[in-house]
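K.L.:
Let me begin by handing over the structure; questions about it come next.
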There are 2 protein chains.
Amino acid sequence: MEKLECLSCKKQFRLDVFTPFCPVCQEPLFYYYPDDSKKTIDLNKDHPLERYADFLPLKTFDPRLSLGEGNTPLVKLEGLARKFHLPATILAKNEMANPTFSFKDRGTAVAIQKAVSLGIRKIGTVSTGNMAASTAAYGARAGLETFVLLKEGTSPSSLLSAGIYQPRLIAVEGDYPQLYYQSFALGRKFGIYFMNSIDPFRVEGYKVTGYEIFRQLGLRTPRAIILPLSAGGHLLGIMGAFLDLLRAGTINEIPVIIGVQAEGCSPLARAFAAGAERYERISKARTIAHAISNPAPAAGNIVLRVIRENKGMIVAVSDEEILAAQKTLAEVEGIFCQPESAAALAALLKIRDALLFKEEDSVVLIITGSGLKNLGALDSLNMTVQNTNLVNLEGTLRSLS
Amino acid sequence: MEKLECLSCKKQFRLDVFTPFCPVCQEPLFYYYPDDSKKTIDLNKDHPLERYADFLPLKTFDPRLSLGEGNTPLVKLEGLARKFHLPATILAKNEMANPTFSFKDRGTAVAIQKAVSLGIRKIGTVSTGNMAASTAAYGARAGLETFVLLKEGTSPSSLLSAGIYQPRLIAVEGDYPQLYYQSFALGRKFGIYFMNSIDPFRVEGYKVTGYEIFRQLGLRTPRAIILPLSAGGHLLGIMGAFLDLLRAGTINEIPVIIGVQAEGCSPLARAFAAGAERYERISKARTIAHAISNPAPAAGNIVLRVIRENKGMIVAVSDEEILAAQKTLAEVEGIFCQPESAAALAALLKIRDALLFKEEDSVVLIITGSGLKNLGALDSLNMTVQNTNLVNLEGTLRSLS
């Protein structure tokens, strides 16, 4: 019998995808692996969900439900290291190279396998961004009915990247965190599996990114991994991968995991700085980094605990730092990501002195999503276009060369 | 000494990246491989440019210039086959999963290696779309000065996906094909290597897609490969891969290669239908498929010849068929591509009866670029959003469930 576990009270519960919260602590539940049998990486398999199957909560793998997620590039950022005089090896894990152009596909891919294996016919999510597009795409491919609940007033243009897959789009007026929790109650009622941000199978899917980094570095652990932090699922997944490897005796130490929030909405960075065990909900979020603008992160208190227990960090960066980092990644390394993803670089530059990186260290920035998702945010980009014609082109090129 | 070859007059010329056209025939030149020594795939290597190095024109590979292109997914489209009662196995080769979200990165990745190895410091391209973004990104990462020549009047929003990498953007008034040819003359003058659509190294880069398909199918040849057709470089590259394998004795037969144009600008489909050896330039292009709207394809006459010699096909599809195919790919398979990419599916549906696919056949559609590149084209998407609030959400879900 499959079980979920509460990391706070350590109680276990029979698997129920409709209610992924502890009835005692109200904290999110996580997948419970009963046995500690030997787990191995099967390098004969190409697909990550088969390659790392021993570490994942799936008994079977149906390739028809996969869109080819994962196996994303890990590239060195030498130009960046040079520009900022960083002694360590800086790398980008490019999660934009997933089927719907964001890291969310890794989580959706696992959750959808589970949904179909359980005979579920309706899925849903509460999101206006990457998670909406990812869930709608995988739902479409699996032939499931997909419900996307979004904030009222979301612009039609930002709906298109999910709307193209023709899910049922429902704009809901009212408090967003309340909508998030209410979705589970209604999902149970109508048989809709809401695979929201901290869904236990979604989180397990994010672990694969950690295993891939470990393998791509030649079975070595990076000194640090820096990633944007919203609800907490992505961070818990990636940290979970290294905790798994630690428990299995494969590694001796996990990386320093660094979650990054936007200053205009940083409940977890504030709590971390104050040494608090629980975060305080933010009443008014003000940041251009919408994808990490989460006033009440569902796994926030768990993140605070595991970050503290495992010597991680949570930092906040300003919108200006984020936009500058986005521009720098594109100009110096040819990587065009969402502002939210660039927050990882902004954080690296902010905390470099605190971390005292050494030459042999490697630091991985998780590039979570494509800059194409919100070109609108670039209106401020200082883009100079020279105008000329065929006759004068030679002169124009001469003046620029 | 490296050489380029004219496929028309069979003359060879000393390599000169600034002049990739035959002085006799005016046709584009291709990379000439002098020896027919044994070529092997090195599966111990992860990076495609190392894995298929024996088949590529690079003596060395500098990972610092790569953004992690290639290794893209090949996924079965069973829902689509079911929907349209296609007996064969239909697959999508997802080239959207490249660093700048299109197939162009494969070509740029090879051309940039060559540029740097030759000590070139300035590169350029004539493009307003995928090739502009790709060239600008790789140029930025390599620290080269990058010139992007574009049509006057290109909207700022469609410039952003290249502009973010901060190349020199030059809008040129005048005839576009003329600009294309003039760019080479000026490039030579100012030392700017214009890696345009049929650049010989770019074309060699596209071959890797062919090798990957062959490997992903378990070292088998698909019955057919269908892809959008503009200047002809992509098609010649992919066909070249299979011709290489045929020459090496690895396979006995190459796939049926099918190039797809938009009816509103289909010089090659017209010439193919008429059995002509040379195409006639289109005076007025009218199609929403801008990325394949090429009134004077640079490699057009060569494409006509190799397609004829190798039993390929060139077909034209209407804008309506293209947009319907784009919608279908998203709704049925969760794949959101550019309209131009969906032309491959539109063509499959159009010629299915002519090809008499059998159950054991596999047919690969090349999905060339991301739908996120021009969300504007989706304004006509029939997207229904239900409006409700937290109190009425239950009723809304009940009515939809």
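K.L.:
I need the Kirkwood Rh of region B:334-401: take the reciprocal of the average 1/r across all distinct C-alpha pairs and report it in angstrom.
P.N.:
On the way: mean 1/r = 0.0633 Å⁻¹.
Computed over region B:334-401, the radius equals 15.8 Å.
K.L.:
Checking a compactness column here: for region A:137-264, what do you get for Rg(Cα) / (2.2 N^0.38 Å), N being the number of residues? Could you put the intermediate results ahead of the total?
P.N.:
Details: Rg = 18.0 Å, N = 128, 2.2 N^0.38 = 13.9 Å.
Expressed relative to 2.2 N^0.38 Å, the Cα Rg reads 1.29.
K.L.:
OK, next. May I ask for the accessible area buried between chains B and A, both sides summed, probe 1.4 Å, to the nearest 100 Å²? Mind dumping the intermediate values first?
P.N.:
On the way: alone 18540 and 18560 Å², together 30160 Å².
The buried area between B and A, both sides summed, comes to about 6900 Å².
K.L.:
Looking at B:TYR31, A:PRO339, A:VAL260, which one has the Cα that reaches farthest to the positive end of the dipole of the protein assembly as shown (charges on Cβ: Lys, Arg +1; Asp, Glu -1)?
P.N.:
My answer, from the dipole projection, is B:TYR31.
K.L.:
One decimal, nm, shortest first: give the distances between the label point of A:ARG82 and those of the same position in the other copies, each label point 7 Å from Cα along Cα→Cβ.
P.N.:
Once sorted, the set of distances for A:ARG82 reads 5.3 nm.
K.L.:
Next up: Angle between the Cα long axis of helix B:300-309 and the longest principal axis of chain B, 0 to 90 degrees, nearest 10?
P.N.:
Once rounded, the angle reads 80 degrees.
K.L.:
Okay, next question. Across region B:174-188, in residue order, what do the Karplus-derived ³J(HN,Hα) couplings come to in whole Hz, using 6.51 cos²θ - 1.76 cosθ + 1.60 with θ = phi - 60° and x for Gly and Pro?
P.N.:
So the Karplus estimates, Gly and Pro as x, are x, 5, 5, x, 5, 4, 4, 6, 5, 4, 5, 4, 6, x, 4 Hz.
K.L.:
Please give the direction-averaged projected area of the C-alpha convex hull for the protein assembly as shown, in square nanometres with one decimal.
P.N.:
Seen from a random direction, the Cα hull of the protein assembly as shown projects 32.1 nm² on average.
K.L.:
Moving on. List, in order, the whole-Hz ³J(HN,Hα) value for each residue of region A:96-109 obtained from phi through the Karplus relation with A = 6.51, B = -1.76, C = 1.60 and θ = phi - 60°; use x for Gly and Pro.
P.N.:
Each residue of region A:96-109 in turn: 5, 7, 9, x, 10, 6, 8, 4, 4, 4, 5, x, 4, 4 Hz.
K.L.:
What FRET efficiency would be calculated for the residue pair B:THR384, A:ASN382, taking the C-beta separation as r and a Förster radius of 45 Å, to the nearest 0.05? Before the final figure, lay out each step's value.
P.N.:
Values: r = 39 Å, r/R0 = 0.86.
So the FRET efficiency works out to roughly 0.70.
K.L.:
By how many degrees, between 0 and 90 and to the nearest 10, does the Cα long axis of helix B:233-247 differ from the longest principal axis of chain B?
P.N.:
The two axes meet at around 70 degrees.
K.L.:
Compute a Gaussian network model of chain A, connecting alpha carbons closer than 10 Å, and tell me which residue from A:GLU152, A:GLU95, A:GLU50 fluctuates the most.
P.N.:
A:GLU152
K.L.:
To the nearest 20 debye, what is the magnitude of the charge dipole of region B:257-363 about its Cα centre, counting +1 on the Cβ of each Lys and Arg and -1 on the Cβ of each Asp and Glu? Before the final figure, lay out the partial values.
P.N.:
Values: 12 positive and 14 negative charges, 110 e Å.
Using Cβ point charges on Lys, Arg, Asp and Glu, region B:257-363 gives about 520 debye.
K.L.:
On to the next question. Mind telling me which of B:SER318, B:SER37, B:SER127 comes out most flexible in a GNM of chain B, alpha-carbon contacts under 10 Å?
P.N.:
The residue that fluctuates most here is B:SER37.
K.L.:
Run the simple label-point estimate for A:LEU219 and A:VAL391 please: 7 Å along Cα→C-beta, distance reported in nm.
P.N.:
Between A:LEU219 and A:VAL391, the label points sit 6.9 nm apart.
K.L.:
Okay, moving on. Please name whichever of A:THR19, A:LEU65, A:LEU80 sits farthest to the positive end of the charge dipole of region A:1-111, dipole taken about the Cα centre and charges placed at Cβ: Lys and Arg +1, Asp and Glu -1.
P.N.:
Checking the options against the dipole of region A:1-111, the answer is A:LEU80.
K.L.:
In square nanometres, what is one fourth of the surface area of the convex hull spanned by the alpha carbons of chain B? List each step's numbers first, then the result.
P.N.:
Details: hull surface 86.9 nm².
Mean projected area for chain B: 21.7 nm², to one decimal.
K.L.:
So for region A:208-259, what are the equivalent ellipsoid semi-axes in whole Å, largest first, each being the square root of 5 times an eigenvalue of the Cα gyration tensor?
P.N.:
Ellipsoid semi-axes (Å, largest first): 18, 11, 10.
K.L.:
Check A:ILE90: other-chain or 5+ apart residues with amide H under 5 Å from its amide H, H built from backbone geometry?
P.N.:
Long-range HN contacts for A:ILE90: A:LEU77, A:VAL363.
K.L.:
Residue by residue through region B:281-297, which ³J(HN,Hα) values in whole Hz follow from phi under the Karplus form 6.51 cos²θ - 1.76 cosθ + 1.60 (θ = phi - 60°), with glycine and proline marked x?
P.N.:
My calculation for region B:281-297 gives 4, 7, 8, 9, 7, 9, 7, 7, 8, 4, 5, 10, 8, 10, x, 9, x Hz in order.
K.L.:
So if I place +1 on the C-beta of Lys and Arg and -1 on the C-beta of Asp and Glu, and nothing else carries charge, what would the dipole magnitude of chain A be about its Cα centre? I want it in debye, nearest 20. It would help to have the intermediate numbers written out before the result.
P.N.:
Values: 44 positive and 40 negative charges, 131 e Å.
That gives chain A a dipole magnitude of about 620 debye.
K.L.:
For the protein assembly as shown, what does the helix formula give at 222 nm: sum of -39500 (n - 2.57) over DSSP H segments with n ≥ 4, over the residue count, nearest 500 deg cm²/dmol? Don't skip to the end; give the middle numbers.
P.N.:
Details: 26 runs with 300 residues, N = 802.
For the protein assembly as shown, the value works out to -11500 deg cm²/dmol.
K.L.:
Under a crude label model (7 Å from the Cα following the beta-carbon direction), how far is B:ASN252 from A:GLU359 in nanometres?
P.N.:
5.9
K.L.:
With everything on Cα atoms, drop me the angle between helix A:319-333 and the longest principal axis of chain A, reported from 0 to 90° to the nearest 10.
P.N.:
Tilt of helix A:319-333: around 70 degrees.
K.L.:
So if we plug the beta-carbon distance of A:ASP42 and B:GLU173 into 1/(1 + (r/R0)^6) with R0 = 60 Å, what FRET efficiency do we get, rounded to 0.05? Could the numbers behind the result be given before it?
P.N.:
Working: r = 58 Å, r/R0 = 0.97.
The value I calculate is 0.55.
K.L.:
Mind listing the long-range amide H neighbours of B:MET313? Cut-off is under 5 Å, sequence gap 5 or more, other chains count too, H placed in the peptide plane at 1.01 Å from N.
P.N.:
Counting only residues 5 or more places away or on other chains, the set is B:ILE257, B:ILE258, B:GLY259.
K.L.:
Now for a different question. At a 1.4 Å probe radius, carbon and sulfur cover how many percent of the accessible area of chain A?
P.N.:
On the way: 7300 of 15090 Å².
C and S fraction of accessible area: 48 percent.
K.L.:
Let me ask you something else. Magnitude of the Cβ-charge dipole of region A:14-113, K/R +1 and D/E -1, about the Cα centre, nearest 20 debye? Working shown, then result.
P.N.:
Values: 13 positive and 13 negative charges, 74 e Å.
Its charge dipole is roughly 360 debye.
K.L.:
At 10 °C and 1.306 mPa s, grab the translational diffusion coefficient of region A:67-106 from Stokes-Einstein with a Kirkwood Rh over Cα pairs, rounded to a whole number in µm² per second.
P.N.:
Details: Rh = 11.2 Å.
Approximately 141 µm²/s, per Stokes-Einstein.
K.L.:
Roll a 1.4 Å probe over the protein chains and send me the accessible area per residue for the protein assembly as shown in Å².
P.N.:
Details: 30160 Å² over 802 residues.
With the other protein chains kept in place, the protein assembly as shown gives 38 Å² per residue.
K.L.:
Mean-square fluctuation check for chain A, GNM, Cα pairs under 10 Å: which of A:THR146, A:THR100, A:THR40 is largest?
P.N.:
Sorting by GNM fluctuation, first place goes to A:THR40.
K.L.:
Same structure, new question: Which trypsin sites (Lys or Arg not before Pro) in region B:349-401 sit in a loop by DSSP (not H, G, I, E or B) and have at most 12 other Cβ atoms within 10 Å of their own Cβ? Kindly include the intermediate steps, with their values, before the conclusion.
P.N.:
Numbers: sites: B:LYS350, B:ARG352, B:LYS358, B:LYS373, B:ARG398; in loops: B:LYS358.
Sites meeting the loop and neighbour criteria: B:LYS358.
K.L.:
Report the GluC sites (Glu not before Pro) located in region A:253-342 that are in a DSSP loop and have at most 10 other Cβ atoms inside 10 Å of their Cβ, or state none.
P.N.:
Values: sites: A:GLU253, A:GLU263, A:GLU277, A:GLU280, A:GLU309, A:GLU320, A:GLU321, A:GLU331, A:GLU333, A:GLU340; in loops: A:GLU253, A:GLU263, A:GLU277, A:GLU280.
Sites meeting the loop and neighbour criteria: A:GLU277.
K.L.:
What does the convex hull of the Cα atoms come to per residue for region B:220-337, in Å³? If you can, show how the numbers build up before the last one.
P.N.:
Values: hull volume 12.4 nm³, N = 118.
Taking the convex hull of the Cα positions in region B:220-337, it is 105 Å³ per residue.
K.L.:
Let me ask something else about it. Are there residues in region B:322-360 whose accessible area shrinks by at least 20 Å² when all protein chains are included rather than the chain by itself, and which are they (probe 1.4 Å, ligands and nucleic acids not counted)?
P.N.:
Output list: B:ALA330, B:GLU331, B:VAL332, B:GLU333, B:GLY334, B:PHE336.
K.L.:
Another one. Report the per residue volume, in Å³, of the convex hull enclosing the C-alpha atoms of region A:1-63. Before the final figure, lay out the partial values.
P.N.:
Values: hull volume 6.6 nm³, N = 63.
For region A:1-63, the hull spanned by Cα atoms encloses 105 Å³ per residue.
K.L.:
For a quick size check, give me the Cα extents of region A:128-206 along its three principal axes, largest first, whole Å.
P.N.:
Largest to smallest, the principal-axis extents are 30, 29, 25 Å.
K.L.:
Moving to a separate point now. So, in nm, how far is label A:GLU320 from label A:ARG188 when the simple model puts each one 7 Å beyond its Cα toward the Cβ?
P.N.:
4.8
K.L.:
Could you list which residues have their amide H under 5 Å from that of B:GLY124, counting only those 5 or more apart in sequence or on another chain, with H placed in the peptide plane?
P.N.:
B:PHE147, B:TYR193, B:PHE194, B:MET195
The values are calculated or read from the model by the stated rules, or taken from the named source; none is laboratory data. As the structure is a computational prediction, the values presented were derived from the model and not from experiment. Positions of Cβ are generated from backbone atoms using ideal geometry, with glycine treated the same way; all protein chains shown enter the neighbour counts. We work out accessible area using only protein heavy atoms, side chains counted, and drop any ligands, DNA or RNA first. Shrake-Rupley method; radii C 1.70, N 1.55, O 1.52, S 1.80 Å.
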